[in-house]
1. Can you compute log10 of I(q)/I(0) for the chain with the Debye formula, treating each Cα as one identical point scatterer, at q = 0.09, 0.16, 0.17 Å⁻¹?
2. Kindly put 129, 35 in sequence by how many other C-beta atoms sit within 10 Å of each C-beta, fewest to most.
3. Nearest 10 degrees is fine. How inclined is helix 63-73 to the longest principal axis of the chain, computing both from alpha carbons?
4. If you take the beta carbon distance between residue 67 and residue 107 as r and set R0 to 22 Å, what does 1/(1 + (r/R0)^6) give as a FRET efficiency, to the nearest 0.05?
5. Which whole-number percentage describes the relative contact order of the chain, with Cα contacts under 8 Å and a sequence gap of 6 or more?
6. Assuming 0.36 nm per residue, please report the length gained on full extension of the stretch residue 40 to residue 54 beyond their Cα-Cα distance.
7. Distance in nm between label sites at residue 10 and residue 140, each 7 Å beyond Cα in the beta-carbon direction?
8. Helix-only mean residue ellipticity at 222 nm, the chain, DSSP H runs n ≥ 4 weighted -39,500 (n - 2.57), per residue, nearest 500. What is it?
């Protein structure tokens with residue numbers, strides 16, 4: 001494993017833990033050169049879905065791309081990376097149960113927004129504003145009003 005700090009290729013595993021469902025192993029590692037610690041995740045690569053985009057293009061499902069979008073939505077929010085990893089793990093299990101070869105990008109987006117809404121309402125609005133491509137401030141305000149109405153209930 002390449003150290004993200006110095007690029008050295010040798011490290012030692014300090015701690016290993018399974019996720020709650022046992023499908024991911026989290027490993028704490030220490031670089032043998034710079035002694036800095038970092039975390040890696042090991043999982044079985046099962047999801048071989050093609051994502052059908054809005055314009056009809058197809059591209060392979062990309063966990064890293066989804067994580068990047070979630071990290072942007074959760075910037076400066078009290079959401080841990082581990083929570084986002086769990087969100088994506090749950091999403092992937094859900095997708096693998098319902099889809100075999102292809103999944104519409106809207107199905108992914110809606111499922112992500114549903115989970116993100118429960119995790120952090122501000123991050124949800126940020127993600128929704130990009131995902132739903134609000135055309136004007138009125139659309140954005142309608143979404144905020146719906147969110148506020150749900151929180152009052």
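Each value in this text was obtained by applying a stated rule to the coordinates, not by laboratory testing. All values derive from a computational prediction rather than experimental measurement. Cβ coordinates were reconstructed from backbone atoms using ideal geometry, including for glycine residues, and neighbour counts include every protein chain displayed.
1. Calculated log10 I(q)/I(0) at the listed q: -0.38, -1.02, -1.09.
2. Lowest count first: 35, 129.
3. Here the helix axis deviates by roughly 60 degrees.
4. Calculated transfer efficiency: 0.75.
5. About 15 percent, as a whole number.
6. 1.7 nm
7. Once both label points are built, they end up 5.3 nm from each other.
8. Result for the chain, helices only: -15000 deg cm²/dmol.
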